[in-house]
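Quick notes on the structure that follows.
The values are calculated or read from the model by the stated rules, or taken from the named source; none is laboratory data. Computed from a predicted model, the values in this text were never measured in an experiment. Cβ atoms come from the backbone with ideal geometry, glycine included; neighbour counts cover every protein chain shown. Heavy atoms of the whole protein, side chains included, go into the accessibility calculation; ligands, DNA and RNA do not. Shrake-Rupley method; radii C 1.70, N 1.55, O 1.52, S 1.80 Å.
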Amino acid sequence: MMSKLIKAINEQYNFEIESGYIYISMAHYVKDKGMDGFAHFFYKQAEEEFEHAEKFREFLFDIDEKPVLAEIPKPQEEFGNFTETFKTALEHEKEVTKRIHELYDLAIEENDHRAKSVLQWFVDEQVEEEDTFRGIIERLERINESWAGLYIYDGELGQR
Ligand SMILES: [Fe+2]
Ligand SMILES: [Fe+2]
């Protein structure tokens with residue numbers, strides 16, 4: 001029997017996979033609009049989410065709990081203009097942060113030091129994730145969807 005905390009960690013394991021899936025959809029969306037650099041950024045982002053999933057998966061195995069896969073919902077396919085696309089990504093990261101914090105609260109409640117340790121890494125990681133997207137949105141808001149600016153920035157994000 002999984003504890004409430006372990007169950008929630010397993011849910012987050014699945015949510016990280018779902019996050020990667022969403023970023024692949026964003027990559028497809030921007031690549032279809034000719035932005036290969038933005039697409040490269042989102043594919044990399046997706047890879048990172050799958051690494052996050054692996055981290056939770058390994059944690060579950062390490063504490064002798066078998067991970068359980070859930071159904072992954074079909075991601076959105078349209079994300080508006082480029083600024084809106086990255087804003088949607090930031091909103092998604094904020095949702096992840098909220099969930100990680102709830103997990104951390106639960107780990108404190110259950111006094112699970114092992115979970116607290118792995119979750120601390122995620123708390124810090126989410127600060128980075130939100131900061132990355134905020135920085136991109138700031139640039140995009142200055143570019144204001146002008147093609148000249150977008151193409152230069154597309155080249156920059158392609159270097160990531
Ligand atoms: Fe993640
Ligand atoms: Fe993320």
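Solvent-accessible surface of protein heavy atoms, probed at 1.4 angstrom with all chains present, puts 35, 2 in the order 2, 35, largest first. Remark: spin-label model distance residue 72-residue 160 equals 1.8 nm, labels positioned 7 Å along the Cα→Cβ axis.
Taking 18 Å as the limit for the C-alpha separation, the pairs 7/66; 7/116; 4/74; 66/94; 7/87; 55/116 exceed it in the case of 4/74; 66/94; 7/87.
If you average the sequence gap of Cα pairs under 8 Å that are 6 or more apart and divide by the length of the chain, what percent do you get for the contact order? Numbers along the way, then the final one.
Details: 151 pairs, mean separation 48.0, N = 160.
So the answer I get is 30 percent.
A straight chain from residue 84 to residue 124 at 0.36 nm per residue would run longer than the Cα-Cα distance by 11.9 nm. The angle between the Cα long axis of helix 113-143 and the main principal axis of the chain comes to about 10°, on a 0 to 90 degree scale.
In a fully extended conformation the segment linking residue 62 and residue 148 would gain 25.9 nm over its present Cα-Cα distance, using 0.36 nm per residue. For the chain, adding -39500 (n - 2.57) for each run of n ≥ 4 DSSP H residues and dividing by the number of residues yields -28000 deg cm²/dmol at 222 nm.
What do you get for Rg/Rh over region 47-141 if you use C-alpha atoms and the Kirkwood form of Rh? That ratio is 1.03, to two decimals. If R0 is taken as 25 Å, the Cβ-Cβ distance between residue 4 and residue 44 corresponds to a FRET efficiency of 0.15. Cα centroids of region 103-160 and region 46-63: 17 Å apart. For the chain, the longest principal axis of the Cα atoms and the long axis of helix 147-157 meet at an angle of about 40 degrees. Dipole check for the chain: with +1 at the C-beta of Lys and Arg, -1 at the C-beta of Asp and Glu, and the Cα centre as origin, the magnitude is about 160 Debye. Give me the angle, in degrees from 0 to 90, between the Cα long axis of helix 4-32 and the longest principal axis of the Cα atoms of the chain, rounded to the nearest 10. The helix 4-32 is inclined about 10 degrees to the chain.
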